[in-house]
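Every number here is computed from the coordinates shown, using simple stated rules; none is lab data. The shown structure was predicted, so the numbers you read here are calculated from the model rather than taken from an experiment. Don't worry about glycine lacking a Cβ; one is built from the backbone with ideal geometry, like all the others, and counts go over all protein chains shown.
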Amino acid sequence: MKINLNNLVSISEANQNFSKVARMVDENGAAVILKNNVPRYVLVEYSQLGKVETVGDEEVYMVAKRLLTKHKKAFEALSK
């Protein structure tokens, strides 16, 4: 999921002004709620729940292969 910086809201602000967060979801499709300045929750419209982006096995495999290749020396050192 790509995060729009305009969709970020602190957990305290979400708690105090949920209607603002709900409007944000209506306008932008999602809101990311931060806890201790770290993305923790995503609020989406219920009708969009099934459309939330997921990653398939092939994409995971490609990323894992790229990371293993990039950090091959570190992984080899761990296996010794």
**Furthest towards positive pole of dipole, N36, N7, A74, structure part the stretch 5-79, Cβ charges** = A74
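If you stretched the chain out fully between A64 and N17, how much longer would it get, using 0.36 nm times the residue separation minus the C-alpha to C-alpha distance?
Working: separation 47, 0.36 × 47 = 16.92 nm, distance 4.02 nm.
Length gained between A64 and N17: 12.9 nm.
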**Item:** Mean Cα-pair separation over length for the stretch 5-79, i.e. relative contact order, pairs under 8 Å, 6 or more apart, %
**Value:** 21 percent
**Asked** Taking only the alpha-carbon positions of the stretch 5-79 and ignoring solvent, what does the Debye formula give for the base-10 log of I(q)/I(0) at q = 0.11, 0.16, 0.20, 0.25 Å⁻¹?
**Response** -0.48, -0.71, -0.84, -1.06
